[in-house]
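One structure below.
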Amino acid sequence: MTKKLKYDLVAYALFAAVIFLAVPAYLNFEGYELNTFARYLSLGIVSLALALSWGTAGILNLGQAATFGMGSYAMAMHLKLKSSQGLPDFMSWNNVEELPWFWVPFHSLSFTLLAGLLIPASIGGIIAIFMFRARISGVFVAVITLAFLVAFQLLVIEQQGYTGGQNGLTGLAPLTLLGWTVDIYSLSFYYLIAACLFVAIMIGIYLVHSKFGLILRAIREDADRTRFFGYNVASYETAAFCISAALAGWSGMLYTLVLEFASPTYMSVSFSLAIVIWCAVGGRESIIAAAIGAIVVNLLEVRLSDVFVEGWNLILGVTFVLIVMFMPRGLHGVVAGANDWIARRKDSRVSNAKHSNLKSRPEIKGGQ
Amino acid sequence: MDLLEVTDLRVDFGGLRAVDGLNLNVSQGEILCLLGPNGAGKSTTLDLICGKTQLTSGSIRFDGHEISNIPEFKRVRYGIGRKFQVPSVFKELTVDENLQVARSKHSGLLQTLSKFRHRHSPEIERILELVGLETRRADMAGNLSHGETQWLEIAMLIAQDSKLILMDEPTAGMTIQETDKTARIFESLRKTHALIVVEHDMSFVRQVADRITVMAQGKKLAEGTVTEIENNEAVKSAYLGH
Ligand SMILES: Nc1ncnc2c1ncn2[C@@H]1O[C@H](COP(=O)(O)OP(=O)(O)OP(=O)(O)O)[C@@H](O)[C@H]1O
Ligand SMILES: [Mg+2]
C-alpha cells in the first residue's frame, strides 16, 4: 500500500466517524437540524466530482452546475409526477395538454435513478468528445463549459411548459424507496445521504489510486508526453469528464430530495463558481478534502450570512482570492505540508545522526 | 524486411524544408546513429516517425504497417518509444510513478481502470537498479538533478519496452563515466530492441553504432559504418568543418 493511500484511508475513517457519529450526536439526533447538514453532505459529492476532473486531470469544468442540475431535475420530474394526478399543474397553466414524451419514463424510479447519472454523463460526454478530440485544454475548457452552462440554464428557463421555467419544479411528493417513504426530517434520511457521500468518496479514492488516476495526473502535467507512452489522452479526459458529470448528477438528485424542489438557480453561473470555491478551499488534489471543503464553506455560509446578511458573497469572494494566493492547495495543502514537514524533521534527525557517524570515522583514522 | 522503412520523407515548415527526401531503414536489433550539424533536421526526423509532427509527403512503414497517417498513441502501441531532446519526465510524479506511467503495455481505459496501484514490481526494481535510481523511487521527479532526470527518462523508455526506441541526445549533460554507462545500457538493449540515436558525442557513437546516417540541411549526406563515415570527404567538409 502506498503512503498516500494509507493517508486517504485514515482520513476516510476519521471523516466517517465525524459524519456518522459525531455530527448526529452533536445535533442530538434531531432530524430537523440534521436535514440542514444533509444538504451540505449532498453538495460534498459535486465538489469531489470537480476535484476528480479539475484536481486530478486538470480539466476545469465551470459547467459542473449544469450536470448537477440535470440530476436534480431528473429526480424532481419523478417526484412531480408522483404528486400529480395526471398532468403536472404547471403544464396546464402553460397550455401544455399532454405529458411530453420525455417526461413519460420518469414515472419509473429505476429509470429516474439511472437517468440522473447517465444523462449528465452522456451530455457531458458529447461536449467532452468534441473538446478533447480537438485537444482543447486549460482555460478554453473553462470557457466552453461555462458557455454551455449559460445556454443550458437559458433553455431550461425558456421552456416553461416543460420545465416549470423560472419557478422550477415545486410541490414534489416524497420519495418511496423499496416501500420506504422517505421522511427528509428523519435520522435515517440523514444516514442515507451520508452513505451516498461515502460511497461517492470511495469511488473517487479508488479512481485516484488506480492506474487510471495516475494517467490522469500525468495528463494534467504533460498531455503530450503521456501520448508518447501510448495513452489515448482524449479518451482518458473524456472518461474523467463523464464520471465527474455522473457524480454531479448524483449530487443533484440528492439535493432535490433534501430541499424538495428543483430550481434553475442550481444551474446558475454563481452556483457553478461556488462549487469551484468549495473544491479549492478544501483542496482540489484530494477527493476527501474537496468534500470537506463543500461542507465547511456551506456551514460557514449559513452561520455567517445571518451575521453579514448582504456581505456574505463579498466575504466568500475575498476568501477565495486569498486562498488562491496563499493556499493554492487548499486546506488539504496545509495538512499535507505539515505532514511532510514532520516527516522531514524525522528524516533529518536520522540523517544527522548518520552524518555525525560519518564525520567521526575519518577523525579516528586521522588519529591513528 | 526491415523494422522501420522511411521512404522519401519530406516536411515543410512554411518555407523551410526541414526534412527533404530522406530514406532511412532500421532493422531489428540494430543501433542507427543519426548525426548532423545543428538544425540538420535530426529531431524533426524523429518527430515525424513518432507522430509529433505530420509529414508533408513520403511514407513511414513500421513492422509491416503504414503509420504516417495514424495518431501518435497508436504508433506507440505498435512499438515506437521516444526520448526527447529536452528531458521530459513528469516532475509532479514520483520516480516510481513515472515508471508506472511508462509501463504502458496495457494502455486502454478499461485496463487502467481495473488496475489498482500495486507497490513493487521486480521489473521496475531491476530497471531502477540498472540506472542507479533505486534509492530515489519515492522522490518527486522534479527534485532530481539534470543527470538523474536523463537517467529517469532512459529508465522510462526501458520500462516502456518498445520495439524501436528513438533517443534524442541521450548523453547530453552527462559526465564521461555516465556516458560510458549509457553506452553499456544501450549495448544490452540491442539484443531485443532497435534504436535510432541522435548524438553529437563521437566517442559514444563509436561505442554503440552499428551504422551511421549523417544528415545536413534535411538531406542524407552519407551512410555507413563508423570508419566509413569518419573517412568520408563530404562529411568532413560539411559536418566536421575541415
Ligand atoms: N515546428 C517547427 N516549426 C518551424 N520550424 C521548425 C520546427 N521544428 C524544427 N524547425 C526547424 O527545422 C530545422 C531542423 O530542426 P531540428 O530540430 O530537426 O534540428 P536538429 O538536427 O535536431 O538540430 P540540433 O542538433 O540543434 O538539435 C531547424 O532549422 C528548425 O529551426
Ligand atoms: Mg535536435
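When you scan region A:182-207, how many residues do you find that are in contact with a Gly (Cβ under 9 Å, 6 or more places away or on another chain), in contact (Cβ under 8 Å) with a residue 12 or more places away in the chain and open to solvent by 10 Å² or more (accessible area, probe 1.4 Å)?
The total comes to 6.
What pairs can you find where one residue is in region B:192-211 and free of Cβ contacts under 8 Å to residues at least 60 places away in the same chain, the other is within 14 Å of ligand 1 (Cβ to nearest atom), and their Cβ atoms are less than 7 Å apart, with a gap of 6+ or different chains?
B:ASP201/B:THR171; B:PHE204/B:THR171
Restricting the search to region A:17-33, which residues are in a helix (DSSP H, G or I), closer than 15 Å to A:ILE295 by Cβ and either in contact (Cβ under 8 Å) with a residue 60 or more places away in the chain or in contact with a Leu (Cβ under 6 Å, 6 or more places away or on another chain) (or both)? Walk me through it before giving the result.
Within region A:17-33, the subset in a helix (DSSP H, G or I) is A:17-26, A:31-33.
Add one more test, that the residue is closer than 15 Å to A:ILE295 by Cβ, and what stays is A:17-20, A:22-24, A:26, A:33.
Passing the criteria: A:ILE19, A:PHE20, A:PRO24, A:GLU33.
When the residues of region A:223-238 are filtered to those that are free of Cβ contacts under 8 Å to residues at least 60 places away in the same chain, open to solvent by less than 20 Å² (accessible area, probe 1.4 Å) and assigned to a helix (DSSP H, G or I), which remaining residue is farthest from the other protein chains (Cβ to nearest Cβ)?
A:THR226
Okay, residues lined up against (1) open to solvent by less than 50 Å² (accessible area, probe 1.4 Å); (2) under 25 Å from A:GLY230 (Cβ atoms); (3) not assigned by TED's automatic domain parsing to the domain that holds B:ALA40:
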| position | (1), (2), (3) |
| --- | --- |
| B:LEU144 | yes, yes, yes |
| B:GLU148 | yes, yes, yes |
| B:ALA209 | yes, no, no |
| B:ALA238 | no, no, no |
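Quick check: anything in region B:150-170 exposed (fewer than 15 other Cβ atoms within 10 Å of the Cβ), away from chain A (no Cβ under 14 Å) and more than 16 Å from ligand 1 (Cβ to nearest atom)? Steps first, please.
Let us first name the residues in region B:150-170 that are exposed (fewer than 15 other Cβ atoms within 10 Å of the Cβ), namely none.
Within region B:150-170 (the criterion being exposed (fewer than 15 other Cβ atoms within 10 Å of the Cβ), away from chain A (no Cβ under 14 Å) and more than 16 Å from ligand 1 (Cβ to nearest atom)), the answer is no, since none of the residues qualifies.
Just to check your reading of the model, which residue among B:ARG10, B:ARG75 is away from ligand 1 (no atom under 16 Å from the Cβ) and either touching a Gly at 6+ places or on another chain (Cβ under 7 Å) or modelled with pLDDT under 90 (or both)? First the steps, then the outcome.
Numbers: B:ARG10 fails: away from ligand 1 (no atom under 16 Å from the Cβ).
Going through B:ARG10, B:ARG75 in turn, just one is away from ligand 1 (no atom under 16 Å from the Cβ) and either touching a Gly at 6+ places or on another chain (Cβ under 7 Å) or modelled with pLDDT under 90 (or both): B:ARG75.
Please state which of the following conditions B:GLY51 fails to meet, knowing it meets all the rest: (1) within 16 Å of ligand 2 (Cβ to nearest atom); (2) touching a helix residue (DSSP H, G or I) at 6+ places or on another chain (Cβ under 9 Å); (3) open to solvent by less than 20 Å² (accessible area, probe 1.4 Å).
Status for B:GLY51: all satisfied but (1).
Does B:SER104 count as more than 9 Å from chain A (Cβ to nearest Cβ), open to solvent by 10 Å² or more (accessible area, probe 1.4 Å) and among the hydroxyl-bearing types (Ser, Thr, Tyr)? I'd like the intermediate steps shown before the answer.
Values: more than 9 Å from chain A (Cβ to nearest Cβ): no; open to solvent by 10 Å² or more (accessible area, probe 1.4 Å): yes; among the hydroxyl-bearing types (Ser, Thr, Tyr): yes.
No: the conditions fail for B:SER104.
Could you list all residues from region B:109-121 that are more than 8 Å from every other protein chain (Cβ to nearest Cβ) and open to solvent by less than 20 Å² (accessible area, probe 1.4 Å)?
Hit for region B:109-121 is B:SER121, nothing else.
Which residue is farthest from ligand 2 (Cβ to nearest atom), if the candidates are limited to region B:167-182 and must be in a helix (DSSP H, G or I) and in contact with a Ser or Thr (Cβ under 8 Å, 6 or more places away or on another chain)? Spell out how you get there, then give the answer.
Taking region B:167-182 and keeping what is in a helix (DSSP H, G or I), we get B:176-182.
In the following step, the residues that additionally are in contact with a Ser or Thr (Cβ under 8 Å, 6 or more places away or on another chain) were identified as B:178-179, B:182.
Working: B:GLU178: 20, B:THR179: 18, B:THR182: 17 Å.
Among those residues, the one meeting the criterion is B:GLU178.
Go through (1) at pLDDT below 95; (2) within 12 Å of A:LEU169 (Cβ to Cβ) and name the single condition A:ASN95 misses.
All conditions are met except number (2).
Which one of A:GLY138, A:GLY213, A:GLY164, A:GLY179 is more than 18 Å from the chain's Cα centre (by Cα) and open to solvent by less than 10 Å² (accessible area, probe 1.4 Å)? Before you say what the answer is, go through the steps one by one.
Values: A:GLY138 fails: open to solvent by less than 10 Å² (accessible area, probe 1.4 Å); A:GLY213 fails: more than 18 Å from the chain's Cα centre (by Cα); A:GLY179 fails: open to solvent by less than 10 Å² (accessible area, probe 1.4 Å).
Exactly one residue qualifies, and that residue is A:GLY164.
So which residues in region B:54-76 are open to solvent by 20 Å² or more (accessible area, probe 1.4 Å) and under 26 Å from B:VAL235 (Cβ atoms), if there are any at all? Walk me through how you get there before you give the answer.
Of all residues in region B:54-76, those open to solvent by 20 Å² or more (accessible area, probe 1.4 Å) come to B:54-59, B:61, B:63-66, B:69-71, B:73-74.
The answer is B:LEU55, B:GLY58.
So, in region A:283-325, exactly how many residues are part of a helix (DSSP H, G or I), in contact (Cβ under 8 Å) with a residue 24 or more places away in the chain and of a type in the set (Gly, Ala, Ser)?
The qualifying residues number 5.
Taking strands (runs of 3 or more DSSP E) that do not extend beyond region B:1-99, which have at least 2 residues that are within 14 Å of another protein chain (Cβ to nearest Cβ), touching a residue at least 60 places away in the same chain (Cβ under 8 Å) and under 12 Å from B:LEU166 (Cβ atoms)?
Correct list: B:80-83.
With respect to B:PHE204, is the statement that it is more than 25 Å from A:ALA218 (Cβ to Cβ), in the same structural domain as B:ARG75 (by TED's automatic domain parsing), within 16 Å of ligand 2 (Cβ to nearest atom) and part of a helix (DSSP H, G or I) true? Break it down into steps so the answer makes sense when it comes.
On the way: more than 25 Å from A:ALA218 (Cβ to Cβ): yes; in the same structural domain as B:ARG75 (by TED's automatic domain parsing): yes; within 16 Å of ligand 2 (Cβ to nearest atom): yes; part of a helix (DSSP H, G or I): yes.
Taking the combined requirement at face value, the residue satisfies it.
Is at least one residue of region A:184-205 out of contact with any helix residue (DSSP H, G or I) (no Cβ under 9 Å at 6 or more places or on another chain), within 14 Å of chain B (Cβ to nearest Cβ), part of a helix (DSSP H, G or I) and modelled with pLDDT of 90 or more?
no
Looking only at region A:210-222, which residues are closer than 14 Å to A:ARG135 by Cβ and assigned to a helix (DSSP H, G or I)?
Our first condition is that a residue be closer than 14 Å to A:ARG135 by Cβ; within region A:210-222, this holds for A:219, A:222.
Hit for region A:210-222 is A:ILE219, nothing else.
Yes or no, residue by residue, for (1) over 30 Å from A:ILE219 (Cα atoms); (2) charged (D, E, K, R):
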residue: B:PHE13; (1), (2): no, no
residue: B:ILE31; (1), (2): yes, no
residue: B:LEU35; (1), (2): yes, no
residue: B:ALA40; (1), (2): yes, no
residue: B:ASP63; (1), (2): no, yes
residue: B:ILE70; (1), (2): no, no
residue: B:LYS74; (1), (2): no, yes
residue: B:ARG77; (1), (2): no, yes
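The values are calculated or read from the model by the stated rules, or taken from the named source; none is laboratory data. Keep in mind that what you see is a predicted model, and the values were worked out from it rather than measured. A quick note on method: Cβ atoms are made from the backbone with ideal geometry, for glycine too, and the neighbour counts reach across all protein chains shown. Protein only, heavy atoms only, side chains kept; ligands, DNA and RNA dropped before computing areas. Shrake-Rupley method; radii C 1.70, N 1.55, O 1.52, S 1.80 Å.
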